[in-house]
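To keep things clear, I will list the structure first and then write my remarks on it.
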Amino acid sequence: MTRDLQQRLRHAWRTLLGADVLSGLSVAIGMSLTALLGYAAFGTTAAINISVGAIIALIPDTPRPKRGKLAHLIAAPLLGVPLFLAVQLLRGHPVELGLLLVCGTFLAFLSTAWGGRGMPVAAAVMFAMLLAMAPQPAASVHEALLRTAWCAGGALLYVLYGTASNALLNGRYRTQSMAALLLSVAALQRTHAERVVPSPDHPADLRAPGGVLQRQAALADQLQVARDLILESPGTPHRQRLAGMLMVVLELRDRLIAGELDIAPLQSVQPAALRPLADILHAMAEDLQALADALLLGRSPAPVRDHRAALQALREQATAQAAASTPAPAAITQAALVRSVSVRVGDEDAAVRQLAALARGDAAPRLSAVRSGWQLFVSPAYWSSQPLLGVWHWRQPALRHALRAALAMGAGFTLAQWLPWGSRDYWILLTIVVVLRGSLAQTLERRNARVLGTLLGSGLAVGLLALHPPAAVLLLAVVAAQGVAHAFVVRHYTTTAVAGSVLGLVLAHLLHSGGHPAFDFIERVGDTLLGAGIAWAFSYVLPSWERHQIAGTVRRVCRAMARHAQQSLALATLAEVTGQPELTWRLARRETYDALSALVQASNRALVEPRAVRPPLAALEQLQGHGYQLLGQLSAIQSILLLRRPQLQLEAVQPALNDTARAIEATLDLSRPWQPVATAPDEAEDESPRLSAVPEDLPDPFEPHSNAWLLRRLALARRQAGDLRAATDHVLAELDGGPPSRA
C-alpha cells in the first residue's frame, strides 16, 4: 500500500469518526424516528409531510453548546411553517405565489445578518416554501391545513429530538472538536517543518507564506467553534481537561506563529544542521495526530516523545562550534540562530507534552481565568435584535444579499412558468437557493459542485425509482440521503449535492405520487443548469464586492493589533498569569487572530471578482504578512516574559517595554499622522509577501540572561508595527483611488 493511499484512508477514517458525520447520523436517526412515528400513527401521506417538517427543523441542527440549542432549532419552524401553509393556499394563483416567494425569500435571507447562525435558518425557511410546491395542489383549504399540521408536528417532534440528542452527544462533540483542532495544529506543525527543511513530496503552495496564512485563517474559525463547545460550563473533570487542552492549543498556535519568524534567517544555515530540528517538528506532528486518534477512539493516549535532551544537545553543539570558531561572525550567527530556534521548538515540545499529560489525566488543567469568564469567549447563544436593526443600510451585505436572492427567485419562478415541463418548477428555485451565496467566490464554488452533484445524484435517484420500490424503502432512502447531505455540507459540498439530489427527487416523487423517472432525470439536469445559471448571473446584481468592505477589516486589524500589543507587553508586570489581566490579554489576542483571519478570507474571495472592482491584492498580501509578522513578534515576547522570566532582569527592560507599547499604539492609531522610518533600498524594492523576520544582528549566544533577546524582539516589533502601518496606509489609499499616503 502506497504512502499516499495510507494517508487517504487515514483521512477518511478520521472523517468518519468526526463530529460532522456523527451529527449527520444523529439527524438521520431523528428524521427516521419522526417519519416512522407518523407512518405508524397516520399512514404514508402523513409520514411524508411529517418528514418535510423534520427537514425544515433539522437544517440548523449542527453540533452546538447545550445553552440556547432549543431557541436555535425552533427559529426555522416558527418562520417556515406559516410560509408552508401560505404556499399551499396560493398554488392555484401563480402571480400571488410568485409575490409570496419573492417577499418570503427577502425575509428569509435577512437572517444572514446573524452570520453563521442565521444562514441555516434562511435555508430552512426557503426549503419550507419550496417543498410545499412539490406535491399536487391541495384540493381544499382543509387538506392544506392538514398537510401543514403534519408538517408542524414533524418539525416539533424533531426540535424536541434535536435538543435532547445534542445534550446527549455534547460530551462526544467536545472530544471530537478537540481532536479536529489537534489534527489542524499537527498539519500546521508539519508545514512549519517543511519550511525549515523542504522535501519534494510536500505541496509547494502550503510551504509558501500564503499557504501558512490560509491555514492560520482556517484554524481561527475552527477555534471559535471549539471554544463554543469546549468552554461552555467547564464544571466536570472531563470538561476541564478539554478546556485546559484548548488553552494549551492556543499557546501552541502562538509558538508556531513565532517560529515562522525564523524561517528566512535559517536560509543561511546549512541544511544538515537543521535536519534534526525538522525531524523533531515532524515527530511532534505525529504525536499530535496520535493524540487526536486516541481521543476519537476513546482511548488513553500513549506518552509522547520528550525532545528536551536532543534540543539541549543541539544547543550545546552549536555553542561549542561557535566557541571554537571565535571570533568568526558566521559561526556565532549560526549558533545564535540554532539557539533561538531550538528554544522555540522546545516551547512547542513542552506544549505537546502538556497536551498529552492533560489527555491522560496526569496533569491538572490551569483554568483560573477561563473558569469565571468562559462566557466572554463563546458566541452568543440566543437571538438578538441588534443584527436586524443594523442591517438597514444600502451597503450592508446582508440587505443586498436578501434583495439579490429575492430578485433571483422572482426571475427563476417566472422562467419556470414558461418551461414546457413545468411540473417541477420548484427545482430551479431550489438550485438558486443552494447555489447563490453572499460572495461571487462562494457562488462559483457552489455552482460547480451543484451541477456535478446533480448529475450523479439524479442518476442514482432515477435508478432507484426505476425499480419501483415500496414507499417505506423510498422513505428510508430519503432519511439516508438527508443524513449524508447534512454530514458533508461543510466538509465536501459535492457529496452533499449528490445526496441532496437523491433526497429531492425521491421526496418529490413521494409527494407528487407520479412521474416518469427517465424524464425526471432530464428535467432535473435541465432545471439544475438553469438554476445554477440564474444564481451565477444574479451574483453580479447588487453585489457586495470585497473592495467596499475590506477597508473596515483593515482598520479592525490595526485596532486589534494595538490592543494586543498593549496587553502582551503588560504581561511583565504579572506575578503569575491568572485572573482579570490574563482574561483581558486572551480576549485581545483572540480579536487579533479573528481580524487577521477575516482579512485573509476576504482577500481570497476577492481573487475571483472582476478585475475592475478588485481591492489591491498585492498590497493586501503585504499587509497580511506584516500583520502576522507583528503577531509573531508579540508571541515571541510573550513567550520570553512568561516562560523565561527567571532569566530576565525586569527592572532593566521595563522602560523598553513601556516605550515599545506606547510606540506601537501611536503607530497603529490611524487617526494620527505618521511618518515612516526610511528603509534600505534593497528592502524598499522587495514587493513579495513574506512571513519572516527582517535581517538583524542576533544577540551573543554566550549571553547568560535573556535581556538581549527580549530587547531584540521589542525592536523588531516596533519595526513590524511601522511596516504594518505603511502597508495599511498604502491599502487604504488605493481603496480610496488616490496615491499612497505617507502622512
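The values are calculated or read from the model by the stated rules, or taken from the named source; none is laboratory data. Just so it is clear, the structure is predicted and the values come from calculations on it, not from any experiment. For neighbour counting, all protein chains shown are included, and Cβ atoms are generated from backbone atoms with ideal geometry for every residue, glycine included. Surface areas here come from the heavy atoms of the whole protein model, side chains and all, with no ligands, DNA or RNA. Shrake-Rupley method; radii C 1.70, N 1.55, O 1.52, S 1.80 Å.
Listed values for segment 223-230 are Karplus-derived 3J(HN,Hα) couplings in whole Hz (6.51 cos²θ - 1.76 cosθ + 1.60, θ = phi - 60°), namely 5, 5, 4, 5, 4, 4, 7, 7, and x replaces Gly and Pro. Against the chain, whose longest principal axis comes from its Cα atoms, helix 94-109 is set at around 20 degrees. When all alpha carbon pairs of segment 618-674 are counted in 10 Å bins from zero, the resulting P(r) reads 19, 40, 29, 11, 1 %. Rounded to the nearest 10 square angstrom, residue 140 shows an accessible area of 60 square angstrom against a 1.4 Å probe. Summed over all non-identical Cα pairs, the Kirkwood treatment of segment 56-113 gives a radius of 12.9 Å. Of the residues 242, 314, 341, the one whose Cα sits farthest towards the positive end of the charge dipole of the chain is 242 (charges of +1 on Lys and Arg Cβ, -1 on Asp and Glu Cβ, taken about the Cα centre).
For the chain, carbon and sulfur atoms together expose 62% of the accessible surface, with a 1.4 angstrom probe and every protein chain in place. Here r is the Cβ-Cβ distance between residue 168 and residue 612 and R0 is 51 Å; the resulting FRET efficiency, rounded to 0.05, is 0.45. Of the Cα atoms belonging to the chain, the radius of gyration and Dmax stand at 28.4, 97 Å.
Compared with the rule-of-thumb size 2.2 N^0.38 Å for a compact globular protein, segment 412-493 has a Cα radius of gyration ratio of 1.27. Averaged over its residues, segment 1-61 has an accessible area of 48 Å² per residue, based on protein heavy atoms and a 1.4 Å probe. When Rg and the Kirkwood Rh are both derived from Cα coordinates, the Rg/Rh ratio for segment 132-206 amounts to 1.44. Excluding ligands, DNA and RNA, the accessible surface per residue across segment 416-552 is 39 Å² with a 1.4 Å probe. Size estimate for segment 75-183 follows the Kirkwood approach: the inverse of mean 1/r over distinct Cα pairs works out to 15.7 Å. Per-residue Karplus couplings for segment 644-653, computed as 6.51 cos²θ - 1.76 cosθ + 1.60 with θ equal to phi - 60°, are listed in order as 10, 4, x, 8, 9, 9, 4, 5, 7, 9 Hz, Gly and Pro entered as x.
Across the protein chains, with a 1.4 Å probe defining accessible surface, the residues 611, 117, 315, 589 rank 611, 315, 117, 589 from largest area downward. Rounded to the nearest 10 square angstrom, residue 540 shows an accessible area of 100 square angstrom against a 1.4 Å probe.
Our coupling estimate for segment 622-636, obtained by passing each phi through the Karplus curve with A = 6.51, B = -1.76, C = 1.60 and θ = phi - 60°, is 4, 4, 4, x, 5, x, 5, 4, 5, 4, x, 5, 5, 5, 5 Hz, Gly and Pro reported as x. Against the criterion of solvent-accessible heavy-atom surface with a 1.4 angstrom probe, 81, 102 sort, most first, into 102, 81. Annotation: average projected area of segment 1-116 is 11.6 square nanometres, based on the convex hull of Cα atoms across all directions.
How much of residue 103 can a 1.4 Å solvent probe reach, expressed as accessible area in Å² and rounded to 10? It works out to around 80 Å².
Dipole magnitude for segment 46-126: about 400 debye, using +1 per Lys or Arg Cβ and -1 per Asp or Glu Cβ, origin at the Cα centre. The charge dipole of the chain, taken about its Cα centre with unit charges on the Cβ of Lys, Arg, Asp and Glu (plus for the first two, minus for the last two), comes to roughly 1320 debye.
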